[in-house]
Amino acid sequence: MTSPSNVDAGDQTPESANRLQAEHLREMLLGQCEQLDTDLATYGSALERYQRRGEQTQARRIRGMIRAAERERRSVQDLISGLERRFLVAEAARSEQARHPLPGLGAARHGAPRVSPYPSPHRVIRN
């Protein structure tokens, strides 16, 4: 991953500098999402283990950790979406708006609905 400060800034427009910074920040946020995904997978296996053993106090603690990690991941995903919407797809949106100048005919404002790939922290595992 190359920092935007390493790029020759002599002939850059402000828009291209913003785009480079947005791409760099997006890569950092994607790395954070990957770490949160790893944490969620670890928490999920720990939750299953504690539920199998009947350790409700530990299971409750892990559920709280899962909820906090899911909230953080949603926040990071929202930041990534905002960066993409504002800086990384601005050129595509401008060209789309030029083709469809009426409101409602351009690109969709919201992407696909968020779906968690992990089981709910409230799921009870029965043997």
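Between Ala17 and Ala41, what is the label-to-label distance in nm when each label sits 7 Å out along the Cα-to-Cβ direction?
Distance between the two pseudo-spin positions: 4.0 nm.
Quick one: dipole size for the stretch 14-99, taken about the Cα centre, charges +1 on Lys/Arg Cβ and -1 on Asp/Glu Cβ, in debye to the nearest 20.
Details: 16 positive and 14 negative charges, 107 e Å.
Result for the stretch 14-99 is approximately 520 debye, rounded to the nearest 20.
I need two numbers for the stretch 14-99: Rg to one decimal and Dmax as a whole number, Cα atoms only, in Å.
Computed over the Cα atoms of the stretch 14-99, radius of gyration and Dmax are 18.8, 61 Å.
For the peptides 12-25, 40-53, what is the packing order when you average, over each peptide's residues, the other Cβ atoms within 10 Å and list the highest mean first? Before the final figure, lay out each step's value.
Numbers: 12-25: 14.4, 40-53: 15.9.
Top to bottom by mean Cβ count within 10 Å: 40-53, 12-25.
Along the charge dipole of the stretch 14-99, pointing to its positive end and built from +1/-1 on Cβ of Lys, Arg, Asp and Glu, which listed residue (Asn18, Ala69, Gly31) has its Cα farthest out?
Ala69
Using R₀ = 25 Å, calculate the FRET efficiency as 1/(1 + (r/R₀)^6) where r is the Cβ-Cβ separation of Arg71 and Glu48; round to 0.05. Don't skip to the answer; put the middle values down first.
Details: r = 21 Å, r/R0 = 0.84.
Taking R0 as 25 Å, the efficiency between Arg71 and Glu48 is 0.75.
None of the figures in this text is laboratory data; all of them are computed from the coordinates on show. Keep in mind that this is a model prediction, so the values were computed, not measured. Methodologically, a virtual Cβ is constructed for each residue, glycine included, from the backbone with ideal geometry; neighbour enumeration extends over all protein chains shown.
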